[in-house]
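The values are calculated or read from the model by the stated rules, or taken from the named source; none is laboratory data. Just so you know, these numbers come straight off a predicted model, no measurement behind them. Cβ sites come from the backbone with ideal geometry, for glycine too, and all protein chains shown count toward neighbours. Keep in mind that these areas ignore ligands, DNA and RNA; they rest on the heavy atoms of the full protein, side chains included. Shrake-Rupley method; radii C 1.70, N 1.55, O 1.52, S 1.80 Å.
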Amino acid sequence: MMLTNKAKQQGPRPAQRKTAERPKLDDLIEKRDYVGAITLIEFEAQQRREAKSASGWQLNQQTGEYEWVAGGTVPENGDDPEQDVEQMRWLAFAAFHSGDFKKALDTYTRLIELVGEQEPTLHVYAACCLLGLGWYKDAEERAQRAPVSPLQNRLLFHLAHRTNDESKLMLYHQKLHDTTEDQLSLASIHYLRNHFQEATDIYKRLLLENRDYAALNVYVALCYYKLDYYDVSLEILNSYLTQHADSAVALNLKACNQFRLYDGKAAEAELAPLLGGAASIDKIEFDLVRHNMVVFRNGERAMQVLPALIDVIAEARLNLVIYHMHHGEVEEAYNLMKDLEPTSPQEYILKGVVNLAMGQALDSREHLKVAQQYFQLVGASASECDTIPGRQCMASCFFILRQFDDVLIYLKSIDAYFPSDEVFIYNYSIARAAAGQTRDAEAGLLSLLQTSNADQYRVDYVFNMWLARCYVMNGKSRAAWELYLKLESSQESFAMLQLLANDCYKVGAFLYAAKAFDTLERLDPNPEYWEGKRGACVGCFQAVLAGRERKEVLRDVLSILKSTRNPQVEYLVRVMKKWARENGVNVG
């Protein structure tokens, strides 16, 4: 009666309305809705705290009606401490499985303070959180405080791998048993150490023994992806996605397979369910999806997204390096890679590429030597020697060593896989030219001038130098000279003149050699250029006498000779003019 009167004083009773059924914690855990579980646990904890201090309307679970309860009237529940501990266990569990290792660690730390002496196994759970945070030394110290158990051994096994302690790795490896958990742990270490075939074998065996473990299909698909069997990976994933269409991991892996097989647009379409209607890439909720979208869109928003993910996603650093390399920012790429100890073929290759670029930029033999060693390590390894990247590495290694015949052996073996890849055609053509196969090299270089990037190649110094050499070696010295005339105003024209002068002289194209030496002499009165010009003019006169050159070119030769003030010029001019008069050639 007192409550009723007090309720009247407080105002009208709220109308009864149908309330939404509150989800149960067990159901959320079973559905792996860990964020929902965390929300529910924290909400109920907040309700219990408020119930002890706040006044307000509360629903009577027995009558189904709202009643006014004054603050401080809720009795202390003797089961509260136990209830709080149980809720904290589930909170830590859910936080760990949702990837919030800091929240999980803080919760386990409070639990240890409450019941640590009774449950020393909590230390190994806290150590798992420390592993997730990357605090390996702290994780090992905390794990050693827990009693010996299979979980402790698996944790120490992974910590030994993360800290590159091979002796401890073998020690804990020997303590593994033929249980599903231990074998899963072993398979994951094989995967992390790039032993993808060994990991695949374990996962497939476990799948045969435990057909209900559907998630193992995703692990097998991931291994096949790493082994470059993208079609096989997709086939396995599609069967899994028919049962679990909303799996973020499976959808992301499917997108990566589509990217490898097709392009970024096909990959992006697979990620649509995970984008959540984000306005831009950096607004996407999931780190991994945000990272992959940058890759699928060829580096869009890379500088806004990737730097923050370097310590979260291993590939983020590598993709940021690739972004810098594509934009010619070699020093930035080198700074990101210089302290990285490579552990995978991709990291070795990228270290090699970055050191090669630095060697070229700084003309540093030391960087080139380091690059050559990295390429050789990958190309000669048993696991990579017969792969396309492995053969590309060996080709790069021999390219640096200037052993171009060996370069061609490796590039020819993978030529069929790059029919329209401009970078491959560029490098293959230059290797052919350096090995003396100038006709094939010329055809390859000219094909690049038919692409959408033709304007880029027309101003490429290296491209033009090699194309000019191919022209000369293929008897097209006039085309080489016309190529020079198009670049006459550029900074590299002097170097091309030197190349034309020497190469034309070498192949007996003396008229164009004389023109090149004459221009060089005008730019730099070096006695060597006069000697080259004199020899080229005499060679051209000799070709006329032998009938290999037109008589009319003598007029150009005489004009070239007269441009030099040298006592020898008069004698050479007199001899040539005398022969011209005797043979009825008008030289002016």
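Once phi is turned into ³J(HN,Hα) by the Karplus curve 6.51 cos²θ - 1.76 cosθ + 1.60 with θ = phi - 60°, what whole-Hz value does each residue of segment 529-545 show in order, with x for glycine and proline?
Those phi angles translate into 5, 4, 5, x, 5, 4, x, 5, 5, 5, x, 5, 4, 5, 5, 5, 4 Hz.
Compute the FRET efficiency between residue 42 and residue 133 as 1/(1 + (r/R0)^6), taking r as their Cβ-Cβ distance and R0 = 22 Å, and round to the nearest 0.05. Walk me through the intermediate numbers first.
Numbers: r = 21 Å, r/R0 = 0.96.
FRET efficiency, residue 42 to residue 133: 0.55.
Residue 241: net charge of surrounding residues, Cβ under 13 Å, Lys/Arg +1, Asp/Glu -1, itself excluded? Before the final figure, lay out the partial values.
Working: positive: 254; negative: 235, 246, 270.
With Lys, Arg at +1 and Asp, Glu at -1, the net is -2.
Below 8 Å, C-alpha to C-alpha, sequence gap of six or more: please give me the relative contact order for the chain in percent. Could the numbers behind the result be given before it?
Values: 635 pairs, mean separation 19.9, N = 588.
The normalised contact order for the chain reaches 3 percent.
To test your reading of the geometry: what angle, between 0 and 90 degrees and rounded to tens, separates the Cα axis of helix 510-523 from the longest principal axis of the chain?
70 degrees
Among 290-296, 178-184, 416-422, 154-160, what's the highest-first ranking by average C-beta atoms within 10 angstrom per residue?
Numbers: 290-296: 23.9, 178-184: 13.4, 416-422: 10.9, 154-160: 22.1.
Top of the packing list down: 290-296, 154-160, 178-184, 416-422.
Could you point to the label whose value was computed as P(r) over Cα pairs in 20 Å bins from 0, in percent for the structure here, given (i) 20, 51, 26, 3; (ii) 14, 35, 24, 15, 8, 3, 1, 0; (iii) 14, 30, 23, 17, 12, 2, 0?
(ii)
Fully extended, how many nm does the chain gain between residue 213 and residue 121 (0.36 nm per residue separation, minus their Cα-Cα distance)? Kindly include the intermediate steps, with their values, before the conclusion.
Details: separation 92, 0.36 × 92 = 33.12 nm, distance 2.67 nm.
My answer for the length gained is 30.5 nm.
What is the helix-to-structure angle for 101-115, meaning the angle in degrees between its Cα long axis and the longest Cα principal axis of the chain, kept from 0 to 90 and rounded to the nearest 10?
Orientation of helix 101-115: about 30 degrees from the principal axis.
For 90, 579, write out the residues from largest to smallest accessible area, computed with a 1.4 angstrom probe and no ligands counted. Please list the in-between numbers first.
Working: 90 75, 579 45 Å².
So, going from the largest accessible area down, we get 90, 579.
Sorting check: for 229-237, 369-377, 466-474, which peptide has the highest mean count of neighbouring beta carbons within 10 Å, and how do the rest follow?
Working: 229-237: 18.3, 369-377: 20.1, 466-474: 23.3.
Highest mean packing first, the order is 466-474, 369-377, 229-237.
Could you compute the net charge surrounding residue 284? Neighbours are other residues with a C-beta less than 15 Å from the C-beta of residue 284; K and R count +1, D and E count -1.
Working: positive: 283, 290, 297, 301; negative: 268, 270, 282, 285, 287, 300.
Residues near residue 284 contribute -2 overall.
Whenever you get a sec, compute what percent of the accessible area on the chain sits on carbon and sulfur atoms (1.4 Å probe). The partial results should precede the final answer.
On the way: 16980 of 34060 Å².
Heavy-atom surface of the chain belonging to carbon and sulfur, 1.4 Å probe: 50 percent.
Give me the 1.4 Å probe accessible area per residue for the chain, excluding ligands and nucleic acids, in Å².
Details: 34060 Å² over 588 residues.
Per-residue accessible area for the chain comes out at 58 Å².
Pop the C-beta distance of residue 326 and residue 489 into the FRET formula with R0 = 30 Å and round what comes out to the nearest 0.05.
On the way: r = 29 Å, r/R0 = 0.96.
Once rounded, the FRET efficiency stands at 0.55.
For the chain, find the longest principal axis of its Cα atoms and tell me its angle to the long axis of helix 388-400, 0 to 90°, nearest 10.
Helix 388-400 sits roughly 40 degrees off the main axis of the chain.
Which residues does the label zone of residue 583 cover in segment 499-515, counting backbone N under 11 Å from a point 7 Å along Cα→Cβ?
Label zone hits: none.
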